[in-house]
Structure formats: C-alpha cells, structure tokens
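The structure appears below as structure tokens.
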Amino acid sequence: MSVNISNILESVGEYWLLMKKAFRKPEKWSIFFKQFIEEADKLIIGSIPIIAIISLFIGAVVVIQTDKNMDNPLIDKMYIGFMARETLVLEFCSTMVALILAGKMGSNIASELGSMRITEQIDAMEIMGVNSAGYLILPKLVSATLLSPLLMLMSFILGLLGGALVVQVMGMISLSQYVQGLQFSFKPHYVTYSMTKMAVFCFIITSVCSYFGYYAKGGSLGVGRSSTRAIVISSALILVFNYLLTNILL
Amino acid sequence: MIKVNKICKSFDGRTVLDNISINYNPGQCSLIIGASGSGKTVLLKNLVGLMQPDSGEIWYGSDLFTAMDENQKKSVRTNIGMLFQGSALFDFASVEENVMFPMDFFTDWSREQKLERANFCLKRVNLENANKKMPSELSGGMQKRVGIARAIALNPKYLFCDEPNSGLDPTTSIVIDRLIHEITQEYNITTVINTHDMNSVMEIGDKIGFIYKGRLLWEGCNSDILDSECKELNDFVFASKMARRLKGLE
C-alpha cells in the first residue's frame, strides 16, 4: 500500500514538472502557432464526425425515452423538449462527450508521444536543445482546451436537432411543442457551465494522456499499456472533476 | 574537447559507471567499446546530458557541463549533434524537414537558406533525391545517413553516435563508419561513438576506451588494440571464432 501511495505521489510530481516544462515560453512563436493549427485540426476537427453522429442519435434517444416515461396526462408534452435540452446541456454534451474524447483523443496523444519516446525521437529533440514538452504538448493542451467548448456547442445543437428529427418522424408531439419546451425556462448559464466543464475535461485528457505517453517505456507493449492507463485515469478524473465543478458552478 | 573527470553513476545501489576519466579530442573518432551492459550507453547519456552523473565532472571546452542548469545546457546542446541507434528520425517529417528541424529552432534563416543547407548536408552524406521521402520509406542505411545529415546541420562541434552500425549489413556499416570519420576530420568535430562492432574499431578507432563492468579498463587506438595485454579486453576483442583464427589462437 505504501509503495502504491509513493508511486502515485511520484507520478503526480512528475506530472506537475512536465506541465511546468510544457508551459515554458515557446522557443519560437511561429513554430508554436503552426503546431497549434495542426493539433487543432487533428484533435478537434478530427473529432467532429464522431461527436456529430453520437450527438444526433443521443438527442433522438433522449426524446424517445422521455416520451415513453411521461404517461401522466396532466404533464404537458412540451416538457419532452425541456427534458431533452436539460439532459443534453447539463451532462451529455460535456461529460459524455468528454468521455468519448478521452478514448479517441487520449489514445491518439498517448500512443503518438509513447512511440516517439521509445524510438528516441523525444531524446533527439532534447539533445538538439529543443524543449520537447513545449513543442509536442503545449500546442495540444492549448488547442484542445480553447476549442473544445465549440465541440460542446456543436454537440448540443446537433443533439437538439436529433430530437427534432425524431419528433417529426414519430409524431409524438408537434415540432412547435418541442421548440416551446426547448425555450421553456432556459438558463444561458447552463451553456457556459457546460462549456467550462468541457474545457477543463479536455485539459485533463490532453495533459494526462501526454504525461503517460511522454514517459512511456518498455517497447510497443509499454506504449499500449500507457495508452490504456492514460484513458482509464483521464476518464476517472473527468468524473471526479464533473462532481467538483458541478458543486462549484451550479 | 570534452573532458570527463571521475564520473560515477549508480542505479538502485548498483554501480554502472565507476570513476571514469577520459578526454575526447577534436578531429578524432573516439570509440567507447564494451560488452552489452558494461555501461557504454549510460556514459554516452551522461555525456550528452540525458542523465546526470552522481559525482564527477564533464567539461565541454572550458564549460563545466555537469554544473549547468537546463537553460545553460541548451547553449551547449546547440553545438551537439547526435546519431541514435535507431536513427530517431521524426516520423511526422520528410527527409528534408528532418534535416531542417534544428535550423527551424536555432536560426533565423529564410526557407531557401535552410533548404540550401539541408541539400548540402544530404549531398555530403551521399543522399540526394530523397528530400521528399518519409523516414518509413527509407532503408536502415539511408535512415542513418539522414540522421548524420541532421546531426551536422548546424555545424556542431561535438558529434555523438550511439551504435551507428546496429542493424546494418557489414558493407553499409563500413560506409557509415567512413562517412562519420571523414566528417569528423573535415569539420574538426569531437566525435564520440558508442559501439561493440570490432569492424568499426579497426576502421575508425582513432582513440578507444574499453569499459568493463562500469570501469575504464583500457585506453588506446586501433593500431595497438590487438596487442593489448588486458585480459578482459582480449576476451572481448577475440570473442568471435573469426577473430581468434586471425589472431592464430585457433
């Protein structure tokens, strides 16, 4: 037990030192911006298709499930729209999407950095005098943290659209009732809250997965192990921070 | 010139480098030889600053490298080129981008100037018309040449090679050895090579240090290695049947 605790403390210390190294001033801003654009394309733009498909279908499923559970004739059916909106904005579009991104983006980051570590590419950068953490990790952190709230917004809009489509196709309520429900008691703060959560979750994903990739060892098996651990730990941290942020922000 | 003064390094109580002192001179290929696990790689990693010795000093000219902080080491590292065992070419970059990588960070040259320098370095290692290829499209020997071209891109004062012949056939090995030797003499570079290849020893060993169980047991050059009276060195040099036959021991 004591060994495990000391290992955890050592890892936390290593993580902070890596973050400190990554957040040093870039050697050249032009190189940083080039990397920023590349990472934004790879991590954020590359995640759009999967997030779009999942959001559309989840939106549709939430509407169907809400409808099936509203048997009481005294409850106005427009609440289907209201419930769908609240479910999507409060949990699905930030927490669930972040968990999906932890798998997609996290494995990408951990395996990329891990294979660079075991093939000595990171050592090569260090020997040249390049801050490898600043070059490889900082653009990932900045692009994912700054741009992921837009992914959350996209997911929210597509989820509502998925709900609208299913309402139209199945005819459980009219579209105007659904829209009325979406507009009912709308709190813009919930969107800000969800966007903030998404930014924090994506920082966790990129930083934790970068840490596990950067310090990967033990050949290709080791890279696989690091990727798996990175995803498991970042997913667990997302859930913990979801609880903390909800307590603080709501 | 690099001066190593009484360096020691241990891992978990096991001594890997034991009081090693040796000088490396410009214009010479200095070889570190020894069996696997003898401490060669640890010595090389200490020399380039990827590891910090427990005690002792490493001098680059008049600069005490072991007493420098990371920022100070950076200025020394811009004078260092390194060829890695697996070449460590960046997967994400083409051949010419690999060679231009250190120039991107440490020069203010225009793209044309960098390209001109990259072409010069690639021509010097006899690798023309491969600029746009990716590392995965190159043979092992070609990858080593690109590694050398990248290492000499900024006219380094010091060149380190970690097992430059590993994975290469004997003919290609000799070509790579001669290339390193020529470049060392042509640009008056202080070159340190970590190897256990006896062909390299005989071909380019201007200065040789034999490491046995972390201790420097023998120093000399290729002309006197075969006549040494050091038992451990002879066991290493004449380990193969072919070497014993040539020596007349069989």
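The numbers here are math on the coordinates, done by the rules we state, and not lab data. This is a predicted model, so every value here is computed, not measured. Cβ coordinates were reconstructed from backbone atoms using ideal geometry, including for glycine residues, and neighbour counts include every protein chain displayed.
In this structure, B:K9 qualifies as over 30 Å from B:E182 (Cβ atoms) and crowded, with 21+ Cβ neighbours inside 10 Å.
Kindly indicate the residue of the stretch B:70-84 that is of a type in the set (K, R) and at the interface with another protein chain (Cβ under 7 Å from one of its Cβ atoms) and also nearest to A:I127 (Cα to Cα) among those meeting that condition. Out of the qualifying residues, it is B:R77. Scanning the stretch A:204-221 for residues that are assigned to a helix (DSSP H, G or I) and buried (at least 18 other Cβ atoms within 10 Å of the Cβ) yields A:I204, A:I205, A:T206, A:S207, A:V208, A:C209, A:S210, A:Y211, A:F212, A:G213, A:Y214.
The residues on offer are A:K140, A:K197, and the sole one that is under 24 Å from the mean Cα position of the chain (by Cα), within 14 Å of chain B (Cβ to nearest Cβ) and crowded, with 22+ Cβ neighbours inside 10 Å is A:K140.
Applying the condition of being surrounded by fewer than 20 Cβ atoms within 10 Å (Cβ to Cβ) and part of a helix (DSSP H, G or I) to the stretch B:85-104 and asking which residue is nearest to the other protein chains (Cβ to nearest Cβ) yields B:D104.
Say we look at the stretch B:38-69 and pick out the residues that are more than 12 Å from chain A (Cβ to nearest Cβ) and of a type in the set (D, E, K, R); which of these is surrounded by the most Cβ atoms within 10 Å (Cβ to Cβ)? The selected residue is B:K40.
Within the stretch B:106-124, the only residue that satisfies the criterion of being buried (at least 18 other Cβ atoms within 10 Å of the Cβ) and within 10 Å of chain A (Cβ to nearest Cβ) is B:F106.
For (1) within 14 Å of another protein chain (Cβ to nearest Cβ); (2) in contact with a helix residue (DSSP H, G or I) (Cβ under 6 Å, 6 or more places away or on another chain); (3) in contact (Cβ under 8 Å) with a residue 24 or more places away in the chain; (4) among the aromatic types (F, W, Y), each residue gets a yes or a no:
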residue	(1), (2), (3), (4)
A:N69	no, no, no, no
A:I75	no, no, no, no
A:L88	no, yes, yes, no
A:I100	no, no, yes, no
A:A110	no, yes, yes, no
A:G114	yes, yes, yes, no
A:E120	yes, no, no, no
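Only residues that are surrounded by fewer than 23 Cβ atoms within 10 Å (Cβ to Cβ) and not in a helix (DSSP H, G or I) were counted across the stretch A:105-133, and they come to 4. How about the stretch B:126-148: which of its residues are surrounded by fewer than 18 Cβ atoms within 10 Å (Cβ to Cβ) and hydrophobic (A, V, I, L, M, F, W, C)? The answer is B:A130, B:M134.
Identification of helices (runs of 4 or more DSSP H) wholly contained in the stretch B:105-215 with 1 or more residues that are without any contact (Cβ under 8 Å) to a residue 60 or more places away in the chain and touching an Asp or Glu at 6+ places or on another chain (Cβ under 6 Å) yields B:111-124, B:170-186, B:198-204. Residues in the stretch B:235-250 that are more than 23 Å from the chain's Cα centre (by Cα) and either crowded, with 16+ Cβ neighbours inside 10 Å or assigned to a loop (DSSP other than H, G, I, E, B) (or both): B:F238, B:A239, B:S240, B:A243, B:G248, B:L249, B:E250.
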